[in-house]
Amino acid sequence: MLRDTFNEAAELYDRARPRYPHALVEDLARVTGLGPADRVLEVGPGTGQLTVPLAAFGCRITAVELGPALAAVARRRLRGFPLVDVEVAEFERWEPPQEPYDVVVSATAFHWIDPAVRAQKAADVLRPGGCLALVTTHHVAGGSTDFFARAQRCYERWDPATPPGLRLLDETETASDTDELTRSARFEHVTVTRHAQEITYSADQYIDVLLTYSGHRALDDRARHGLLMCIRELIDTYHGGSVTKRYLHELISATRSGN
């Protein structure tokens with residue numbers, strides 16, 4: 001499965017993947033009422049990109065990670081937080097404790113969980129009035145716009161699954177689908193807030209980021225090498241060795257109803 005590919009490059013994932021903006025973390029803490037007494041379940045922590053800043057609030061966190069290599073890096077990064085426990089399991093098959101959680105969090109990972117299970121199980125482990133907080137990440141227009149238009153030709157050449165003429169959408173055209181929560185009798189008060197950030201990468205750094213994406217890792221060796229060399233040449237030849245990428249993070253929160 002594509003979601004298993006992240007575990008193949010845990011150290012690279014930890015080094016290359018962007019951290020979440022401080023404003024998003026503060027917003028998450030605000031909407032969930034996060035505090036030292038809270039019990040938090042994080043689904044799919046990866047190497048702890050969100051776990052580390054959440055742990056700084058002093059809450060007790062159980063982080064359930066599918067990949068053992070990713071979990072090992074997360075444990076190393078979280079050594080200074082004794083109230084955080086990282087478990088290796090598929091969330092779909094994970095056995096939760098009897099005591100419910102105050103907050104369930106998942107950052108850029110919830111979409112990998114079986115849709116038939118994820119919202120229902122999140123509700124099952126939350127206390128009534130507890131909060132589900134999901135972070136989604138979109139790649140949107142902005143930053144080095146000329147580069148991303150040119151890079152599309154690299155993808156069309158080396159990745160046969162690339163739709164022709166695909167372009168990054170503007171933020172105003174981008175939104176996460178919240179129907180799963182708004183239609184659920186288990187959740188209410190669904191809200192969405194947005195946080196954007198732009199990150200400038202050298203050619204090496206940008207290639208590293210691409211190598212953490214499941215679709216790139218799933219390409220055969222020849223296609224992946226050709227794609228990455230094409231992109232590297234664009235950065236070095238037309239953009240002075242660096243490019244800027246714009247990310248849009250959406251924080252989706254919902255309250256567990258009494259149902």
Worksheet item: Restricting segment 112-162 to residues that are over 30 Å from Ala185 (Cα atoms) and aliphatic (A, V, I, L, M), which is surrounded by the fewest Cβ atoms within 10 Å (Cβ to Cβ)?
Response: Ala161
Discussion item. Among the residues of segment 20-31, are any more than 20 Å from Val192 (Cα to Cα) and of a type outside the set (A, V, I, L, M)?
Written reply: no
Worksheet entry | Residues satisfying the stated conditions in segment 123-158, i.e. in a helix (DSSP H, G or I) and of a type in the set (Lys, Arg) | Arg150, Arg153, Arg157
Practice prompt. Determine which single condition His239 fails, assuming it passes every other condition in (1) in contact with a Cys (Cβ under 8 Å, 6 or more places away or on another chain); (2) closer than 29 Å to His22 by Cβ.
Written response: (1)
Practice prompt. Under 6 Å between Cβ atoms, at least 6 apart or on separate chains: pull out the pairs that start in segment 33-58 with a residue that is under 16 Å from Ala89 (Cα atoms) and surrounded by fewer than 24 Cβ atoms within 10 Å (Cβ to Cβ) and end on any residue that is modelled with pLDDT of 95 or more and not aliphatic (A, V, I, L, M).
Written response: Gly44/Ser106
Discussion item. I'd like the full set of residues that are more than 17 Å from Ala9 (Cβ to Cβ) and in contact (Cβ under 8 Å) with a residue 12 or more places away in the chain, limited to segment 211-232.
Written reply: Ala223, Gly226, Cys230, Ile231, Arg232
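The values are calculated or read from the model by the stated rules, or taken from the named source; none is laboratory data. The model shown is predicted, which means the values in this text are computed figures rather than measured ones. Glycine gets a Cβ as well: all are built from the backbone with ideal geometry, and neighbour counts include every protein chain shown.
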